[in-house]
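Report on one structure; see the data block that follows.
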Amino acid sequence: MNTVKTVRELRAAVARARSEGKRIGLAPTMGNLHSGHAALITKAAQRADFVVATIFVNPLQFGPNEDLATYPRTLAADQEKLLQAGCHLLFTPSVEEMYPHGMNDQTIVSVPVLSEGLCGASRPGHFDGVATVVSKLFNMVQPDLAVFGEKDFQQLTVIRALVRDLNMPIQIIGEPTVRDSDGLALSSRNGYLTPEQRAIAPNLYQVITRIGAAIRGGDRDFAQLLETGKRDLAAKGLRPDYLEVREAAQLRPATAEDTDLVILAAAFLGTTRLIDNLHLTKD
């Protein structure tokens, strides 16, 4: 696996692979990799001949009071995990390489409606930062396919819309959420949790799983299910940010007639914000 830091080196390496007839797969990350990230690389390697991973902690998607400065940077360990998962090329640009004219004058890519509400309400501007950096990476790599985790369901939906609306010839593949043995969705931010908080954290998935079971069983009173779920989260020591049932494709509030649903949740445990979701189809 080669590691490059400049767009010029990145494009040259990808061009060589493409000249050999190879199909290019991309897996963008912010580093501090875990088994969920490895699953993205594995999926890309199954679908493509040449896998590019990126590690870039993107300032444009962090709010003023978020953890940009403290977000873990673990490049050496990340490189080993990527190599084992089947990555061929790693791109680790600096902020100056990604935003050579600064971020204040940077063209911003915005996906309306889908970026609003849920995490978009709690993190204003976050999805503009995501859509912008992903657009830049897509233009730099020009992959045939790109893999993103389903844990960040709203992000995945935004990226699908971005590719569709801007006519990008890229297949977007969602990789199912990887969980720890107790159900907690793997996340780089789980490392912020104290041992006591880590023991509480799986309750987020347990609550949305109970809501999902009720919906599958025929319960259509979403408002009551969500109100009970929020009380359950609070009783376990989690501070709900949101807990909602949405129609999965457009992320609009679900109705009793919808059959493709997603339960989305975010909650604080101390200062750590956890997100999770459950995608389900009901008869």
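A few comments on the model shown:
- Pair list, Cβ under 8 Å, 6 or more apart: segment 228-243 residue closer than 14 Å to Ala214 by Cβ and assigned to a helix (DSSP H, G or I), other residue basic (Lys, Arg) and modelled with pLDDT of 95 or more: Gly229/Arg210; Asp232/Arg210
- The set of residues in segment 100-122 being touching a residue at least 40 places away in the same chain (Cβ under 8 Å), out of contact with any Ser or Thr (no Cβ under 8 Å at 6 or more places or on another chain) and over 27 Å from Leu274 (Cβ atoms) consists of Met103 alone.
- So Ala254, is it aliphatic (A, V, I, L, M) and either in contact (Cβ under 8 Å) with a residue 40 or more places away in the chain or surrounded by fewer than 18 Cβ atoms within 10 Å (Cβ to Cβ) (or both): no
- Residue that is among the aromatic types (Phe, Trp, Tyr), touching a residue at least 12 places away in the same chain (Cβ under 8 Å), crowded, with 18+ Cβ neighbours inside 10 Å and in contact with a Ser or Thr (Cβ under 7 Å, 6 or more places away or on another chain), where the choices are Phe138, Phe153, Phe127, Phe148: Phe127
- Residue in segment 214-233 that is crowded, with 18+ Cβ neighbours inside 10 Å and among the β-branched types (Val, Ile, Thr) present: yes
- Number of positions in segment 1-46 that are aliphatic (A, V, I, L, M) and free of Cβ contacts under 8 Å to residues at least 24 places away in the same chain: 2
- Some residue of segment 44-65 being within 30 Å of Gly102 (Cα to Cα), of a type in the set (Val, Ile, Thr) and either in a helix (DSSP H, G or I) or outside the structural domain of Gly125 (by TED's automatic domain parsing) (or both): no
- Among the residues examined, Arg160 does not qualify as under 22 Å from the mean Cα position of the chain (by Cα), farther than 27 Å from Phe127 by Cα and crowded, with 16+ Cβ neighbours inside 10 Å.
- Check on Glu80, in the same structural domain as Val158 (by TED's automatic domain parsing), assigned to a helix (DSSP H, G or I) and surrounded by fewer than 21 Cβ atoms within 10 Å (Cβ to Cβ): yes
- Test: residue in segment 183-205 that is touching a residue at least 12 places away in the same chain (Cβ under 8 Å) and farther than 30 Å from Gly31 by Cβ: no
The values are calculated or read from the model by the stated rules, or taken from the named source; none is laboratory data. It should be emphasised that the depicted structure is a prediction, and the values quoted were computed from it without experimental measurement. All Cβ positions, even for glycine, are placed from backbone atoms using ideal geometry, and neighbour counts span all protein chains on display.
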